[in-house]
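Each remark here refers to the structure printed beneath this line.
Read the figures in this text as sums done on the coordinates, not as results from a lab. Quick caveat: nothing in here was measured; it's all calculated off a predicted structure. Don't worry about glycine lacking a Cβ; one is built from the backbone with ideal geometry, like all the others, and counts go over all protein chains shown.
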Amino acid sequence: MSIKFVLSAFLFTIAQFGSMTTTPTRLRPDLQKYCETLPSEFARISDERKESLREIGDFVVKKLKANEPVNLTYICTHNSRRSQFGQVWAKVAAAYYGLNAKQVQTFSGGTEATAFNARAVAALKRIGFTVDTDSDPKNPNYVVKFSESDSPLKMFSKVYKDGFNPQKAFCAVMVCSQADEACPIVYGAEARVSLPCEDPKNSDGKPNEAKAYDETCRLIAREAFYVFDYVKKQLSE
């Protein structure tokens, strides 16, 4: 085998890998500090959930290696809380670990549309996200910023098959057992992963309301970071 051939193959591999990764995004200061603590909590994730999280990671790795778009759609019943958290944190985790921002896109949807709940929005603000909104009282459109270099996320409540979301070749992440049961088939999904968690809505109007939202937000953040930590390691092998 000639040296020229080996060198060409090496350069092709570097170029291909380079398209998957970039320099890790520097997040907004408070958010950066928050995110730096998440990997230390991976041991709190059960083995069963880690298996499901690696399924998401394997989907991401497969798409990146094939130089195809990575579309993750988080689904719950009303697209108001958990699925919105999932969309935000998957995008932030991908940026934190230096995955190509153009290639990795995240979305959310419900079996019905309501509104991105104000309590969930407040939880993101407490962590360090900047959130702007319009004046629509029923279903506001939010712009969620997490860094100075990456494009902000445009977020609102919608059904999972809304035209704003990918219609095929996406991974459906079911973060709500009710939505999981209501959608035995998620049309267009290439992969489907069940990853239910408790709805913070159960705490609405109670003394522990803010704490419950913060805990759900952190749980989903921790698991999203586990996914992309796994992805980064798989790409490095």
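Using a simple spin-label model with pseudo-atoms 7 Å out from Cα toward Cβ, A43 and A101 lie 3.4 nm apart.
For the stretch 150-209, the dipole from Cβ point charges (+1 on Lys and Arg, -1 on Asp and Glu) about the Cα centre works out to 240 debye, to the nearest 20. Here the label points at S236 and S135, each 7 Å from Cα along the C-beta direction, are separated by 5.0 nm in the simple model. Of all beta bridges DSSP finds with both residues in the stretch 46-236, what is the antiparallel percent, to the nearest 5? Bridges in the stretch 46-236 are about 30 percent antiparallel. Counting charges near E198 (Lys, Arg +1; Asp, Glu -1) among other residues having Cβ under 11 Å from its Cβ returns a value of +1.
Of the residues S194, S236, Q178, the one whose Cα sits farthest toward the positive end of the charge dipole of the stretch 46-236, with +1 on the Cβ of Lys and Arg and -1 on the Cβ of Asp and Glu, is S236. Going through [x] 125; [y] 138; [z] 167, the figure that equals volume of the Cα convex hull per residue in Å³ as computed for the structure here is [y].
About its Cα centre, the chain has a charge dipole of approximately 480 debye under the convention of +1 per Lys or Arg Cβ and -1 per Asp or Glu Cβ, with nothing else charged. When each of the peptides 44-54, 148-158, 193-203 is scored by how many other beta carbons lie within 10 Å of its residues on average, the order from highest to lowest is 193-203, 148-158, 44-54. The stretch 152-223 and the stretch 18-85 have Cα centres lying 13 Å from one another.
Taking a 21 Å limit on the Cα-Cα distance, which of the listed pairs K158/K201; K65/K145; K62/K168; K50/K125 fall beyond it? Walk me through the intermediate numbers first.
Working: K158/K201 18 Å; K65/K145 28 Å; K62/K168 16 Å; K50/K125 28 Å.
Violating the 21 Å limit, Cα to Cα: K65/K145; K50/K125.
Bridging of K63 to aspartates and glutamates at a Cα separation below 14 Å is possible for E55, E190, once same-chain residues fewer than 8 apart are set aside. For K138, a cut-off of 16 angstrom between C-alpha atoms picks up these aspartates and glutamates, skipping any fewer than 8 places away in its own chain: E112. The chymotrypsin sites (Phe, Trp or Tyr not before Pro) of the stretch 185-237 that meet both conditions, a loop assignment by DSSP and at most 12 other Cβ atoms within 10 Å of the site Cβ, are Y187.
In percent, what relative contact order does the chain have, based on Cα pairs under 8 Å that are 6 or more apart in sequence? Mind dumping the intermediate values first?
Details: 414 pairs, mean separation 62.4, N = 237.
The value is 26 percent.
A cysteine counts as unpartnered when no other cysteine's C-beta lies under 4.7 Å of its own; in the chain this applies to C35, C171, C183, C197, C217. Here K102 is the anchor, and the aspartates and glutamates within straight C-alpha reach of less than 16 Å, apart from those fewer than 8 places off in the same chain, are E68, E148, D150.
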